[in-house]
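*Asks:* One structure coming up, written as structure tokens, with questions to follow.
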Amino acid sequence: MNANTASAPGATHLGAPSLAAQFEPEDWPRILLVDDEPRLLSSVYELLKGRHYRLATATCGREALTELSNLEFDLILLDLRLPDMSGHEIMDFINANGIGSDVIVMSGDVGIEAAIGALKRGAYDYLRKPYSREELLKTVENALQKRKLALENKRIALALENSEKMYRYLVDSSPDIIYMLNHEGRFTFVNDRVQQLLGIGRQELIGEHYSVLVHDEDGERARYAFSERRFDERATRNVELRLKSLSGNGSDRIFNNTLMAISLNANGMRGLDQKAKKNEFLGTYGVARDITERKRAEEVIYHQAYHDILTDLPNRMLFKDRLGLAVIQAKRKLSELAVMFIDLDRFKLVNDTLGHVKGDELLQQVALRLKDCLRRGDTLARQGGDEFTIVLPELRDRQDAKAIADKFLESLYRPFDLDGHEVHISASIGIAIYPDDGETIDELLRHSDIAMYQVKALGKNGHSFYDKSMMDVSHQKIELEHSLRKALEQNELEMYYQPQVDVATGKIVGAEGLMRWNHPQRGLLAAGEFLPFAEDNGLMLPISDWMLGALCRDLQEWNMAGGEAIRLSLNLSPQYLDRGDFFEKMRGVLTEYGINPAQIEVEITENVCIRNPQYAIEQLNKLGQLGVSVAIDDFGTGYSSLSYLHRFPIHTIKIDQSFVKEIENENGHFPVILAIISIARGLGLNLIAEGVETEVQARYLQASGCTIMQGYLYYRAISLRHFIGALEAQRSTSLHICH
């Protein structure tokens, strides 16, 4: 340190900072004092010391440049006359090196050129020596305050610039279109996203009216949204608009001249008119979000929620909605409408024999044919399974509904082609008319359903209008179902037997077990009067359990009486065969009553063999291993296939009575019967003819090779007591035929 700086106690130099300087806060302004007069330098130092400044001194230009090269100073108090260089040269160094220090020049030079030179070089102020103490302090304070404000403004400007850059980045990289409109509805700003989504450059839109983008059909909605000028808490509003797209080669989305749905969120903006002292509407700010994919997904979800997936027809939910609207309109116009309930005949048979895939194809073809028969405004729906419903609004009279029902039946009459399988079906159609047959949705559907079941009961393949008398029949069916459930508990069921006779010897060789119901009010009911209800209402399994037990119990009674061995047969429901524990049930009952399995024959239909062949083979093979024989009932009436006769463990073929009835002349030719007899003989199977009622039929069958028969010619179905009586009479006499 030179002598000049040593005379300034507390001065800070590059190599020797004062002790006080070590404790000076970093936020105090740093000031460099440059003067070659030690007394003046020291007095300035003392004047500024203790005022929260960090001070350093230099007595020549070289020292000043060294300090400026190593430290940053907020303010420099600079003497122009220095021994080695002028103050102007130091200021040139400051400017050349981008040093941001402010300079207060202190000089005793009275010439104007020195002051002008200092001010040109950026000096904050110029103090002539001698100056007053207050003048120096005030100038230093003002210079530092101005510097502080300038730095703060610079920081704010930099932050604002960074914020604007970030905002611009966020706006331009937004997945949404962000825009501003002036009070006339013209674009004053729009981000780059508009180019990507709509294929229109942002500059092309500036100054254009928003209507150039809005689809014509949505123009009125857009005008309402953008002309409304609310500014309270209700200012934000949402509206969906379709915008025109000119883009056809977008990378992420394709807008090939398509219309895009846009959800717009718009807010009003106001400015303050100082003269009028009121708010002035400036325009609109908005965000347009592309919801095209969302809308498409919503449409798919909505369609699936209200349409049948298989046929693409309205489902029952949508049907009820449309029927409700049709009822309201009919009530307003005082007109009629029709509700139809359609159930396909023989569909279950197709489904069981050809499989569910082909069944689904059939339903699809049926739906197309039915739709072709409808008028505009009619609604066809799928209720489920093979059931369809239709609403026909604005009927002129009932003949309109009848004509359409006839068209349905005619269209379904033509065969259906299912990959080479020619299938024939028909339909049962029930019709209810509003308001005569009901004024509510549920009433119309229920009554059309009842009318449809009336068609089923009368032989199917037709249509019927609802009549109040049908309700009584429907109630009878409900009552029958209820009573049937109680019949099992109250032991009202009974087995009857129709003997099977060997006409060559006249002996009873077996019998078919047939169920009867001793109804408390209606008397003795045949199986055909109640078993269909059991099939439809889940009662077939417990009834089959009862039938199997009753058959074995009756057979045990005959065996214990010492009668000759005889074989009884029972018809087996497909539902019962499908049950997994069927075989165990059969074995358990045979063991319980001590019955020889050879005395039991199970009768099944052809369709049981075809609907699920592998499973049926497994079940029937188990019966064969147990010793129970199997008969094919109603042979030739279903989807016959000779292949299953080889694959299945079948012992007996029963000729259906529909073929036997055709025999009216014993000298006639009946090729179907002859073919069945030939098949049975060729495969070594037993043969039984059902429904034999005349001597002509019996003689023709016997002459053709069928000797085992059952029918009214020999016996009707009789009770166990009469059946045992017939067997005992046969045992005591050589031949007894009962008519």
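The values are calculated or read from the model by the stated rules, or taken from the named source; none is laboratory data. No experiment lies behind these values; they were computed from the predicted model shown. As a convention, Cβ positions derive from the backbone with ideal geometry for all residues, glycine included, and neighbour counts pool all protein chains shown. Each accessible area value is taken on the protein alone, full model and side chains, heavy atoms only, with ligands, DNA and RNA left out. Shrake-Rupley method; radii C 1.70, N 1.55, O 1.52, S 1.80 Å.
*Asks:* Describe numerically, in nm with one decimal, the distance between label points set 7 Å from Cα along Cα→Cβ at residue 309 and at residue 135.
*Replies:* Label-label distance for residue 309 and residue 135, simple model: 9.8 nm.
*Asks:* Work out the charge dipole of region 505-558 with +1 on the Cβ of Lys and Arg and -1 on the Cβ of Asp and Glu about the Cα centre, then indicate which of 505, 552, 525 is farthest towards its positive end.
*Replies:* Of 505, 552, 525, it is 505.
*Asks:* Can you tally the net charge around residue 711? Count Lys and Arg as +1, Asp and Glu as -1, for every other residue whose Cβ sits under 13 Å from the Cβ of residue 711.
*Replies:* On the way: positive: 654, 661, 716; negative: 512, 656, 690, 693, 695.
Once all neighbours under 13 Å are counted, the net charge is -2.
*Asks:* Hey, of (i) 28.8, 94; (ii) 27.5, 87; (iii) 53.5, 169, which did the structure itself give for Rg and Dmax of the Cα atoms in Å when calculated?
*Replies:* Read-out from the structure maps to (iii).
*Asks:* Another question, then. Select from region 55-141 those GluC sites (Glu not before Pro) which occupy a DSSP coil region and have at most 11 other Cβ atoms within 10 Å, ordered by residue number. Display every interim value, and only then the final one.
*Replies:* On the way: sites: 63, 67, 72, 89, 113, 134, 135, 141; in loops: 72.
Sites meeting the loop and neighbour criteria: 72.
*Asks:* So what's the net charge close to residue 33: Lys and Arg +1, Asp and Glu -1, counting the other residues with Cβ under 12 Å from its Cβ? Mind dumping the intermediate values first?
*Replies:* Details: positive: 30, 49, 54; negative: 35, 36, 37, 46, 63, 67, 79.
Residues near residue 33 contribute -4 overall.
*Asks:* Ignoring ligands, DNA and RNA, please state the percent of accessible area on the chain from carbon and sulfur, probe 1.4 Å. Kindly include the intermediate steps, with their values, before the conclusion.
*Replies:* Working: 19510 of 38270 Å².
Reported share for carbon and sulfur atoms: 51 percent.
*Asks:* Multiply the residue gap between residue 504 and residue 328 by 0.36 nm, knock off their C-alpha separation, and tell me the result in nm, one decimal place.
*Replies:* Working: separation 176, 0.36 × 176 = 63.36 nm, distance 7.30 nm.
Roughly 56.1 nm would be gained on extension.
*Asks:* Compute the label zone of residue 591 within region 616-636: residues whose backbone N is under 20 Å from the point 7 Å along Cα-to-Cβ.
*Replies:* Taking a point 7 Å out along Cα→Cβ of residue 591, the residues of region 616-636 whose backbone N falls under 20 Å are 619-629.
*Asks:* Sticking with this structure for a sec: Return a whole-number percent for the relative contact order of region 424-565, with Cα pairs under 8 Å and 6 or more residues apart as the contact set. Before the final figure, lay out the partial values.
*Replies:* On the way: 160 pairs, mean separation 21.1, N = 142.
Relative contact order for region 424-565 comes out at 15 percent.
*Asks:* Specify the angular offset, from 0 to 90 degrees and rounded to the nearest 10, of the alpha carbon long axis of helix 38-48 from the longest principal axis of the alpha carbons in the chain.
*Replies:* That works out to roughly 40 degrees.
*Asks:* I would also like to ask the following. Subtracting the Cα-Cα distance from 0.36 nm times the residue separation, let me have the gained length for residue 400 to residue 46 in nm, one decimal.
*Replies:* Details: separation 354, 0.36 × 354 = 127.44 nm, distance 11.77 nm.
Length gained, residue 400 through residue 46: 115.7 nm.
*Asks:* Run the numbers on the chain and let me know its relative contact order in percent, using alpha-carbon pairs under 8 Å that are six or more apart.
*Replies:* Working: 1189 pairs, mean separation 43.0, N = 739.
Result for the chain is 6 percent.
*Asks:* Could you work out how far helix 540-560 tilts from the main Cα principal axis of the chain, as a 0 to 90 degree angle to the nearest 10?
*Replies:* The angle comes out at about 30 degrees.
*Asks:* Moving on to the next point. Which value in deg cm²/dmol, rounded to the nearest 500, describes the helix-derived mean residue ellipticity at 222 nm for the chain, given -39,500 (n - 2.57) per DSSP H run of n ≥ 4 and division by the residue count?
*Replies:* Numbers: 27 runs with 326 residues, N = 739.
About -13500 deg cm²/dmol.
*Asks:* How much FRET efficiency would the formula 1/(1 + (r/R0)^6) give for residue 647 and residue 622, where r is the Cβ-Cβ distance and R0 is 25 Å, rounded to 0.05? Don't skip to the end; give the middle numbers.
*Replies:* Working: r = 15 Å, r/R0 = 0.60.
Efficiency, from the Cβ-Cβ distance: 0.95.
*Asks:* What is the sum of charges, Lys and Arg at +1 and Asp and Glu at -1, for the other residues whose Cβ falls under 13 Å from the Cβ of residue 437? Please list the in-between numbers first.
*Replies:* Working: positive: 398, 446, 468; negative: 336, 436, 439, 442, 443, 449, 467.
Value of the local net charge: -4.
*Asks:* How long is the gain from residue 163 to residue 92 if the chain were fully straight, where each residue apart is worth 0.36 nm and the alpha carbon distance is subtracted?
*Replies:* So the chain would gain 22.0 nm between residue 163 and residue 92.
*Asks:* Here is a follow-up. Each label point is 7 Å from the Cα along the Cα-to-Cβ direction; what then is the distance between the points at residue 661 and residue 469, in nm?
*Replies:* 2.5
*Asks:* Can you tell me the dipole magnitude for the chain around its Cα centre, using point charges on the Cβ only (Lys, Arg +1; Asp, Glu -1), in Debye to the nearest 20? Numbers along the way, then the final one.
*Replies:* On the way: 84 positive and 107 negative charges, 302 e Å.
Taking the Cα centre of the chain as origin, the dipole is about 1440 debye.
*Asks:* Using amide H atoms built 1.01 Å from N in the peptide plane, name the residues 5+ places from residue 283, or on other chains, whose amide H lies under 5 Å from its own.
*Replies:* Close amide H contacts, sequence-distant or interchain: 269.
*Asks:* I need to check one value: relative contact order of region 173-213, counting alpha carbon pairs closer than 8 Å and at least 6 residues apart, in percent.
*Replies:* On the way: 56 pairs, mean separation 14.8, N = 41.
That works out to 36 percent.
*Asks:* Follow-up. Under 17 Å from a label point 7 Å along Cα→Cβ of residue 238: give me every residue in region 196-210 with its amide N that close.
*Replies:* none
*Asks:* Beyond a 29 Å Cα-Cα separation, which of these cross-linked pairs lie in this structure: 165/295; 358/460; 120/165?
*Replies:* On the way: 165/295 34 Å; 358/460 22 Å; 120/165 36 Å.
From 165/295; 358/460; 120/165, over 29 Å: 165/295; 120/165.
*Asks:* To continue, here is another question. Region 483-500 to region 682-718: how many Å between their Cα centroids?
*Replies:* 27
*Asks:* Find which of 196, 145, 212 sits farthest along the positive direction of the dipole of region 135-232, computed with +1 on the beta-carbon of Lys and Arg, -1 on that of Asp and Glu, about the Cα centre.
*Replies:* In region 135-232, that residue is 145.
*Asks:* Over 23 Å between Cα atoms, which of 507/654; 507/585; 49/146; 333/456 qualify?
*Replies:* Values: 507/654 18 Å; 507/585 32 Å; 49/146 21 Å; 333/456 34 Å.
Check vs 23 Å cut-off fails for 507/585; 333/456.
*Asks:* Taking the Cα centroid of region 388-407 and of region 133-192, what is the distance between the two, rounded to the nearest whole Å?
*Replies:* Computed from Cα coordinates, the inter-centre distance equals 76 Å.
*Asks:* Let me ask another. Using a probe radius of 1.4 Å on heavy atoms only, what accessible surface per residue do you get for the chain? Whole Å² is fine. Please report the intermediate quantities before stating the final value.
*Replies:* On the way: 38270 Å² over 739 residues.
Heavy-atom accessible area per residue stands at 52 Å².
*Asks:* At 7 Å along Cα-to-Cβ for each site, give me the label-to-label distance between residue 70 and residue 220 in nm.
*Replies:* It works out to 8.5 nm between the two label points.
*Asks:* Out of residues 5 or more away from residue 127 or on other chains, whose amide H comes under 5 Å of its own, with H placed 1.01 Å from N in the peptide plane?
*Replies:* Under 5 Å from the amide H of residue 127: 105, 106, 107.
*Asks:* Starting from the amide H of residue 208, placed 1.01 Å from N in the peptide plane, find each other amide H under 5 Å away whose residue is 5 or more places distant or on another chain.
*Replies:* So residue 208 has HN proximity to 187.
*Asks:* Just to confirm the number: angle between the C-alpha axis of helix 613-626 and the first principal axis of the chain, 0 to 90 degrees, nearest 10?
*Replies:* 50
*Asks:* With every protein chain present, what accessible area does residue 206 have (1.4 Å probe, heavy atoms only), rounded to the nearest 10 Å²?
*Replies:* Number for this one is 70 Å².
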